[in-house]
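Notes for the one structure printed next.
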Amino acid sequence: MDAELSRRLLKLLDHVEHWLPPPPLEVDWERDVAALWQRHALGGRLLPVPPRDALALDDLLGIERQKLALVDNTRAFLQGHPANHALLWGSRGSGKSSLIRALLNSLSGEGLRLVQVDRHDLAALPVLVEQLRHQRQRFVVYCDDLSFEGHDDAYKALKSVLDGALTGPPPNVLLYATSNRRHLLPESMSDNEGSRLVGDELHHGDAVEEKISLSDRFGLWLGFHPFNQDVYLEACCHWVSQLGHREDWNAEARAEAIRFATLRGGRSGRGAWQFATQWVGRRRLHGK
């Protein structure tokens, strides 16, 4: 009976095997420079991914101070010197995520490896960090567009890995995050009800202290702000020249770039890229 059951099971497996997805590739950190963390019921696994594009640090205009600070911090980390976890916060489309991609493209040759974690998978962050602890490479664990709602407890895992755990993160792991919120958690008027003046000093209530305490665990804060018109047009010129030719940037393009930003209600690096894509694509479509 057991032999017959085994025969039937093997026959069934033969039928369904070609429908199964291929086994995931193993990460080889000598070859791979980036990976995605994919959570599952037993913990999680790393899936290697190629760099998204060839974006360079020089392609990012209007954020020179932020670039210098993050490159210096990352190079210190790669060379075994003290370095801080980093929070890149500010306006949408201002270059936060692009800076992380350009950083990987520029510093992977110096040993940088990047692991991206989705915000919804942060509960498994301690498991990931423990896996990386035993690798000889140096890793930036990166969470894009990080923010939490008031009922979301995933931030507790992040707090623990950043500073709260007994062992702390290993020396070969840093955490970088981008967010539109400076303090990552939503803030309401009621949070300030517990604040009070003690002499000339403002003392925050428990609700505010709890929200500040998360972002406070990042030692490097880098703020990103909307572009003024000159910087926006400089970025438009750069991307038009990159996607097409320098002569594609002319008085007509400049006027259209201003109109594009006005219709969108803001100026940003992302907006400059999107304008250049539209402008160059349309010119090529019409044979210009």
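Computed from the coordinates by the stated procedures, all read-outs in this text should not be read as laboratory data. Bear in mind that the values here come from a model prediction, so they are computed numbers and not experimental data. Cβ sites come from the backbone with ideal geometry, for glycine too, and all protein chains shown count toward neighbours.
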### Task
Treat each spin label as a single point 7 Å out from the Cα along the C-beta direction, and report the Val127 to Asn250 distance in nm.
5.9
### Query
From largest to smallest, what semi-axes in whole angstrom does the stretch 89-146 give when each is the square root of 5 times an eigenvalue of its alpha carbon gyration tensor?
21, 18, 6
### Query
If each of Ser97 and Arg136 carries a label point 7 Å out from its Cα toward its Cβ, how far apart are those two points in nm?
3.5
## Note on the structure
the stretch 233-288: spread of alpha-carbon positions along the three principal axes, whole Å, largest first, is 30, 18, 18
### Query
Quick one: net charge of Leu68's neighbours, Cβ under 13 Å, K/R +1, D/E -1?
0
### Query
Using a basic spin-label model with each label point 7 Å from the Cα along Cα→Cβ, how many nm lie between Lys288 and His120?
4.3
